[in-house]
Structures are given as structure tokens and as C-alpha cells.
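The values are calculated or read from the model by the stated rules, or taken from the named source; none is laboratory data. The structure displayed is predicted, hence computed values, not measured ones. With ideal geometry, Cβ positions are generated from the backbone for all residues, glycine too; neighbour counts draw on all protein chains shown.
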Amino acid sequence: MVDSEDTRKQIAKRIAILNEQLGNYNYQYYVLDSPTIPDAEYDKLFRELLELEEKHPELITINSSTQRVGAKPLAKFQAVKHHQPMLSLNNAFDQKEVLAFDERIRKRLSLSETDFIDYVCEVKLDGLAVSLCYEKGVLVQAATRGDGMTGEDVTQNIRTLKAIPLQLRGQRWPAFIEIRGEVYISTKGFLALNIAQMKNNEKTFANPRNAAAGSLRQLDPHITAKRPLAFIAYGVGEKSADLPDTHFELLQTLKEWGLPINAESEQVNGIAACLSYYQKILKKRDKLAYEIDGVVYKVNSYLQQNELGFIARAPRFAIAHKFPAIEVLTTLLGVDFQVGRTGVLTPVARLKPVFVGGATVSNATLHNMDEIARKDIRIGDEVIVRRAGDVIPEVVGVVGTALKFREKETSPIQLPQHCPICKADVERIEGEAAARCTGGLSCPAQRKEGIKHFVSRKAMDIEGIGDKLVEQLVDENLIHDAADLFSLDKTTLANLDRMGDKSAENIVQALLKSKQTTLARFIYALGIREVGEATARNLVKHFTHLDAIMSANIEALSAVEDVGPVVASHVSLFFKQPHNCEVIEKLKKAGVSWVEMPGSQSASGKLANQTFVLTGTLASMTRDEAKERIESLGGKVINSVSTKTTYVVAGRDPGSKLGKAESLQVPVLDEAAFLALLK
Ligand code: IVH
């Protein structure tokens, strides 16, 4: 049946409305960062548009939301000459270089001592630069930076990025404009992409930058479309009409046209304010949703920018102030295998020492054999080492991808067949990434790690016994298992290397103090595979008594909150092993004990149904201890005071919670009253 002219007009109108709506939703999501409709609703409109267009292909416009993907794979990228060159930035690595930059330009602009420059401070995203050409508001071409003069035509791929408008919003754009910005991948997007790559047995990416570059430079736009690529605009190149007088205003204009800009950008006065911006962003670095390698300062006034001009391939009016690198290159000298508490062998890279993320690193984890195979890392390779924040340094990959053409002699990394410590067999269970030493507690490495865990803060919390001391005690055969710690006396300890009388005495006292514990801490301290603090607490909540946990079968254990069949079998297996039961007996004999609950903790404790808020410092116990005591009596500790709070416990130097308690008329206990309540 042929549609009447009227119907056709109506359909064309509906298509236009749908496209406008989808464009608006994209703008709200990607530019304003405030989505207004659920994804499902968006998908519904998108499907409606697809169906209408399928029936009326003659009504499809190049800018339709459906036309982002669809192009066929290319044989190769075409070269594109940029209308204006894409420059790079000069770098400053310290404050001195930044001050010199400001000094230089103030001199060139003949400014007086008291004349400060207006700057725009931006983050320096770690992705790749692209140039987008818009003609009459329509995206006609997109290119990578290339050598700055000529890049690669990635138009098909750029069109798949929903953050990039196919049509600029409003009307006030020049008839022709090159918009410059960075294509990048968020940290979350990067992790998700690598997981997907692993699942599909595809190569993983060393960092978000490589992932972004690899994803944009795909000959098949269908692949690019599946990658979580993001974009922000930070400038313009050639343009056919005048734009605002300042860079900061330009950014706002770009946003009005529908281009995402970065939310951290700020206009400031004077170079000192730039340096404060640097500190502020450096502090925030780990919390940002994407990786940055520094900040950029740009002279705000375009008049001043033009007066300053360029040197070589970089502008005089802008500078990148770099952060300390979190990724550097070094040589992999060798690999050692460390044996953990549960026997897992972790390959540890021995590196040519290198300064990264603010510290010198000579060891870094290689995770496991699968990772090594996936990254094809060999001894002698130039590797990328990464150290960010508090994270353990890791080897993320090998430099260069043409691994077949390694220039140097390198040798493969092999999993040892025997434990490097106790020489027991190493086994690798099908389907598991980890290889394990089968030596169990006969392996000194496993025993050491088990004891380190036992004494740790969240376990038995024995102060003064650190990793080094545990190793020394095991190596000198002074202890064999965790229970032996409690038979150490002051003389034995004081005779150890680097140990004074005072420290020995402190350790004896700490051991004594730790004997009074809670059942949850005790269970956690045993170091059962996959039993963390939360699981230990759940086990106690469910079974109340140690005997009940020890004798529970897999079925009974699986009934515990958050305990699945795997954890249940680890627990069951642990208590079936005679040597584990012997150690538990020994610990109990040594005096390790906890308050036995009469029944289920929360229902019957004397503080059942009471909620507490703690503020200030108590003289007789830490906050964690106070919390434990309250919980062991069935009470609950929460963070903020409300009318439902039973008591506020106020120690020395209480915070604002005390005032809140008073204003809400919640009873306040001082330390003495609190201790009396616990008795
Ligand atoms: S402006 C004329 N601003 O850094 C200056 N670049 O080393 C052109 N980059 O190729 C660049 N964030 O890929 C500028 N806020 C930002 C940036 C930024 C990242 C990258 C860009 C450029 C490189 C220059």
C-alpha cells in the first residue's frame, strides 16, 4: 500500500521530532551531565525511529541518530590535512618552570609588576587529540592529530560517539569551524573494556590512553561503536567567523553548541592561582572518573594569545604542568615467586629500580601466570610499570606490540614445579588462575603468612609484632604456628636481634591483652580461605558458638548470609584438618577467649534494640573496641545522631554530635556511665 502524501508528511515530521528529542537527551546526558530519561525510554524512541526509517529509507537524513553506526569497514584511513595545524604543548615539571613561563609572557606583553594575567586552568586528559570539522553546523569530517599537519580521517568512528553532536545546537556557529578536543576512556570504562576483552580472549589494554587510541583507530566502525569512548572539547582551529574574546567564554559557547566540556575548568587571575589549582587537582586525581597526566594553563584573552603567538610547534600562551608519572618504563630483570597464606604463588617482577608515582620501585606484581601469558611478558623486556596512589605497583605490559620483533634476547617466565620455599609440588587447578604450593602448614612461607594475618589489626590485633618479627621467629624456629606466640617469654624476645627489653616487654603485654577477643575476630584470624571479616561476623551471627561452626556441614554453612558453596566448602575443609583443630585447642589452652553468647547475639543481648553514637576519645578503649563491646551485647553503633538514638557516648574532645544529642534530647553517657552500662 502506498502512503498518501499527507501520511508521508506526518511520518517525516515524526522522524524529525524523534531526532530532535534524541538529540536533546544526548545533550542532557553527555553535555549537561544530567540525564532526564531512563535508558529504556531512550531505547524505545530510538527503536521507533529505526522502524519508521526502515519503512521510509528516503526520509533518512545523514544526521539522524540512527546513522551513527552503519558504515562499512575501511581498507585504510585516508590522510587529512588540518586547516590549522594541531599543536602540542610545552611542559613544565615544577613550580619554577611554571613561574618562568608566566614571567616570560608578562615580559612579552610588557605588563607591570602588579598586572596579573587571567588564565584558564584545565585538566590535561590522557587520551588522543582530534579535530572535528563542522560545516553549516553539520559534522563533516573528523581527524586524528597525526604529525600536527596531517592526520587520519576517522569520521566514521567519531560519528559513533554519542557525546559528539552530528549537528551543532542553536544557530550562532560559524559556517565553518574546526573544533579541537580529546577522545578518552573513563577509568570505569577502561576496566569494563578489559574485562570484556578478556572474556572474548582478546588482547587487553595497558592503560586508558592506549584503549582510547586503539578503539578510535579501528577500521571497522562497528567495533568503535562498542567501545566506551568519551570526548571533551578544549579549543578551536580554523573558523569562518569571530568567536568570543576569551577562552573561558569560548568553552561556554562550545557547551551551548552541544559539545561536552570538562567540569574542572576554571578561570583564575595570576599564576599563583594556577599553582593552587594544580594542588587542588593533584589531591583529587585519584577520585576523578578519568586519568589525567597534569593540568594546562592557557592565557584567557585571545588578544593576548595572538600577541604571544607560537614557537616551533607549541603556543607561547599555554603550558602543561605535569603530574608525577604513574607509569614509567624499565627493564624486567627477573621473576620471583612469592608464596601467600593460602599457598598461592604470585609472580613478582624484579625490576631495574625506577622512580614512579613518587617512589622508587624495584618489585612489582605480575598477578598470575595467565596475566603474564596474556601480556606476553618475558625476562629482559622493557616493561611499563604503574604505581598509583596506595595501589601495589604492577607491571601492566610490554613496550611495543610487535613482540615478534623483540630486539633483545629475552626468556620466557616459567611457573616453578616446586614451591621455592618448601619444595613441595606446585599444583594448578583447571580453570583457576592461581597456582598453589601443596605444602600446607609444612611450608614455612604459608605458616609465616598465616601468622602475619593472625596478628594483624583486624584479626587478633597484637601490637608490636610486625612482618619482620614473624619471619625472624619462624626462621629461628621459635614458633611453628600462631598458638606458639603465646608461649614466648620476655627473655626469649629480648635476646632477638634488634630487640630491646622495653620492646620485648611491650610485646608480652600486647600478647596478654589480645587473648581477650571476640569470636568473629578469632574466626577471621584463623585465615580460612575466602573468610574475610564480614563472613566471619556472619558465621558468628548464625552459629553463635565456635563448636557449632566447627561441626557444621556444607549445607548448614551455605545457609549463612553471603556464604556460597565455595566458601562453605573452604570452611568445612578447614575444620576437618586435624592440625587446624590442634592449633585451635592450643590457642584456647593458652587463654585465648571471648565472651560466649547465651543465644543469638542481637536478639538477647542486654543492649538489644539499643543504638549508640560514639563521639570523642575514650581513655579505656579505642572506638573499635567500644563498638565491639556494644555489639557483643546486642547493641548497634551508628554514625549520626537522630531522635531514635538510645545513647550518645561522649569521650574527651567530643565533636558536633554532642551538640546534636543535646538539641534532640538524646541521653549522653560519659565514659564512667558507659563502662557501668557494659558491666
Ligand atoms: S590544548 C595549542 N588542552 O595534550 C594547544 N590539550 O601536549 C593544543 N590535551 O595534543 C592543546 N588535555 O591531546 C589542550 N585541556 C587540554 C588538553 C590537551 C589534553 C592533550 C592534547 C594535545 C596534548 C598537547
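Could you list, in sequence order, the residues of segment 459-505 that are in contact (Cβ under 8 Å) with a residue 60 or more places away in the chain and not acidic (D, E)?
Those that are in contact (Cβ under 8 Å) with a residue 60 or more places away in the chain and not acidic (D, E): A459, M460, A482, A483, F486, S487.
Just to be sure I understand, how many residues within segment 336-356 are surrounded by 19 or more Cβ atoms within 10 Å (Cβ to Cβ) and either of a type in the set (D, E) or in contact with a Lys or Arg (Cβ under 9 Å, 6 or more places away or on another chain) (or both)?
The qualifying residues number 5.
Looking at L74, L125, which is the one that is touching a residue at least 60 places away in the same chain (Cβ under 8 Å), within 16 Å of the ligand (Cβ to nearest atom) and over 27 Å from R8 (Cα atoms)?
L125
Could you check how many residues of segment 216-227 are out of contact with any helix residue (DSSP H, G or I) (no Cβ under 6 Å at 6 or more places or on another chain) and either outside any helix (DSSP H, G or I) or in contact (Cβ under 8 Å) with a residue 24 or more places away in the chain (or both)?
The number of residues fulfilling the criteria is 5.
Scan segment 232-264 for residues that are farther than 24 Å from G148 by Cβ, aromatic (F, W, Y) and either within 13 Å of the ligand (Cβ to nearest atom) or in a helix (DSSP H, G or I) (or both) and jot them down.
If the condition is that a residue be farther than 24 Å from G148 by Cβ, aromatic (F, W, Y) and either within 13 Å of the ligand (Cβ to nearest atom) or in a helix (DSSP H, G or I) (or both), then F248 is the only one that fits.
Mind listing whichever residues of segment 641-659 are within 9 Å of T615 (Cβ to Cβ) and not in a loop (DSSP other than H, G, I, E, B)?
Result: V648, V649, A650, S656, K657, L658.
Examine segment 308-319 for a residue that is more than 16 Å from the ligand (Cβ to nearest atom) and either surrounded by fewer than 19 Cβ atoms within 10 Å (Cβ to Cβ) or modelled with pLDDT of 95 or more (or both), and state whether such a residue exists.
Taking every residue of segment 308-319 in turn, none turns out to be more than 16 Å from the ligand (Cβ to nearest atom) and either surrounded by fewer than 19 Cβ atoms within 10 Å (Cβ to Cβ) or modelled with pLDDT of 95 or more (or both).
For V130, all conditions in the list (1) of a type in the set (V, I, T); (2) surrounded by fewer than 23 Cβ atoms within 10 Å (Cβ to Cβ); (3) within 31 Å of the chain's Cα centre (by Cα) hold save one; what is the number of the exception?
(2)
T544 - would you say it is crowded, with 16+ Cβ neighbours inside 10 Å and touching a Ser or Thr at 6+ places or on another chain (Cβ under 8 Å)?
Answer is yes for this residue.
Working carefully through the options V426, V531, find the one that is within 23 Å of L345 (Cα to Cα), of a type in the set (V, I, T), touching a strand residue (DSSP E or B) at 6+ places or on another chain (Cβ under 6 Å) and surrounded by fewer than 21 Cβ atoms within 10 Å (Cβ to Cβ). Working first, answer last.
Details: V531 fails: touching a strand residue (DSSP E or B) at 6+ places or on another chain (Cβ under 6 Å).
Selected residue: V426, the only one of V426, V531 that is within 23 Å of L345 (Cα to Cα), of a type in the set (V, I, T), touching a strand residue (DSSP E or B) at 6+ places or on another chain (Cβ under 6 Å) and surrounded by fewer than 21 Cβ atoms within 10 Å (Cβ to Cβ).
Taking the stated definitions as given, is Q84 loosely packed, with under 14 Cβ neighbours inside 10 Å, in contact (Cβ under 8 Å) with a residue 12 or more places away in the chain, polar (S, T, N, Q) and within 16 Å of the ligand (Cβ to nearest atom)?
Yes: the conditions hold for Q84.
Taking segment 238-252 only, how many residues are more than 28 Å from A92 (Cα to Cα) and either crowded, with 17+ Cβ neighbours inside 10 Å or under 32 Å from the mean Cα position of the chain (by Cα) (or both)?
2
Which residue pairs have Cβ atoms under 6 Å apart, sit 6 or more places apart or on different chains, and have a first residue in segment 228-249 that is within 30 Å of N194 (Cα to Cα) and a second that is among the hydrophobic types (A, V, I, L, M, F, W, C) and within 15 Å of the ligand (Cβ to nearest atom)?
Listed by first residue and then by second, the contacts come to P228/I185; L229/V183; F231/V183; I232/I261; A233/I179; A233/L254; A233/L259; A233/I261.
Quick one: how many residues across segment 339-398 are among the β-branched types (V, I, T) and part of a loop (DSSP other than H, G, I, E, B)?
The number of residues fulfilling the criteria is 4.
For I319, indicate whether it is in contact (Cβ under 8 Å) with a residue 24 or more places away in the chain, farther than 29 Å from D376 by Cβ and assigned to a strand (DSSP E or B).
Yes; evaluated as a whole, the condition is true for this residue.
If the requirement is being farther than 30 Å from Q279 by Cβ, touching a residue at least 60 places away in the same chain (Cβ under 8 Å) and either surrounded by fewer than 16 Cβ atoms within 10 Å (Cβ to Cβ) or touching a helix residue (DSSP H, G or I) at 6+ places or on another chain (Cβ under 8 Å) (or both), which of these qualifies: T187, T150?
T150
Go through segment 128-147 residue by residue and tally those that are more than 16 Å from the ligand (Cβ to nearest atom), touching a residue at least 24 places away in the same chain (Cβ under 8 Å) and either closer than 17 Å to P221 by Cβ or in contact with a helix residue (DSSP H, G or I) (Cβ under 8 Å, 6 or more places away or on another chain) (or both).
Selection size over segment 128-147: 2.
Please find, among I164, I117, the residue that is surrounded by 14 or more Cβ atoms within 10 Å (Cβ to Cβ), of a type in the set (A, V, I, L, M) and within 16 Å of the ligand (Cβ to nearest atom).
Numbers: I117 fails: within 16 Å of the ligand (Cβ to nearest atom).
From the options I164, I117, the qualifying one is I164.
Inside segment 547-571, can you point out the residues that are surrounded by 13 or more Cβ atoms within 10 Å (Cβ to Cβ), without any contact (Cβ under 8 Å) to a residue 40 or more places away in the chain and not polar (S, T, N, Q)? Let's see the steps before the verdict.
Of the residues in segment 547-571, the ones surrounded by 13 or more Cβ atoms within 10 Å (Cβ to Cβ) are 548-550, 552, 554, 556-558, 560, 563, 567-571.
Restricting the remaining residues to those that are without any contact (Cβ under 8 Å) to a residue 40 or more places away in the chain gives 548-550, 552, 554, 556-558, 560, 563, 567-569.
Once the filter is applied, which keeps residues that are surrounded by 13 or more Cβ atoms within 10 Å (Cβ to Cβ), without any contact (Cβ under 8 Å) to a residue 40 or more places away in the chain and not polar (S, T, N, Q), segment 547-571 yields A548, I549, M550, A552, I554, A556, L557, V560, V563, V567, A568.
Could you list, in sequence order, all residues of segment 639-656 that are surrounded by 15 or more Cβ atoms within 10 Å (Cβ to Cβ) and hydroxyl-bearing (S, T, Y)? Spell out how you get there, then give the answer.
Here is the first cut: in segment 639-656, the residues surrounded by 15 or more Cβ atoms within 10 Å (Cβ to Cβ) are 641, 645-651, 654.
Across segment 639-656, the qualifying residues are T645, T646, Y647.
Does T410 count as closer than 24 Å to M369 by Cα and among the polar types (S, T, N, Q)?
yes
Looking at this structure, is A225 away from the ligand (no atom under 12 Å from the Cβ), touching a Ser or Thr at 6+ places or on another chain (Cβ under 9 Å), under 19 Å from S131 (Cα atoms) and among the hydrophobic types (A, V, I, L, M, F, W, C)?
Considered against the rule, which asks whether it is away from the ligand (no atom under 12 Å from the Cβ), touching a Ser or Thr at 6+ places or on another chain (Cβ under 9 Å), under 19 Å from S131 (Cα atoms) and among the hydrophobic types (A, V, I, L, M, F, W, C), A225 comes out as yes.
Within segment 93-114, which residues are within 16 Å of the ligand (Cβ to nearest atom) and at pLDDT 95 or above?
Across segment 93-114, the qualifying residues are E97, V98, F101, I105.
Read through the list (1) away from the ligand (no atom under 15 Å from the Cβ); (2) surrounded by fewer than 19 Cβ atoms within 10 Å (Cβ to Cβ), then give the number of the only condition that I271 fails.
All conditions pass for I271, except number (2).
Being part of a loop (DSSP other than H, G, I, E, B) and either at positive phi or within 16 Å of the ligand (Cβ to nearest atom) (or both) is the requirement here; does L89 meet it?
yes
What number of residues in segment 408-434 are of a type in the set (S, T, Y) and assigned to a strand (DSSP E or B)?
Residues in segment 408-434 being of a type in the set (S, T, Y) and assigned to a strand (DSSP E or B): 1 in total.
Would you say K541 is of a type in the set (K, R), part of a helix (DSSP H, G or I), farther than 28 Å from D489 by Cβ and more than 30 Å from the chain's Cα centre (by Cα)?
yes
Taking the stated definitions as given, is A206 touching a residue at least 60 places away in the same chain (Cβ under 8 Å), in a loop (DSSP other than H, G, I, E, B) and over 30 Å from I377 (Cα atoms)?
Values: touching a residue at least 60 places away in the same chain (Cβ under 8 Å): yes; in a loop (DSSP other than H, G, I, E, B): yes; over 30 Å from I377 (Cα atoms): no.
So A206 does not fit the description; no.
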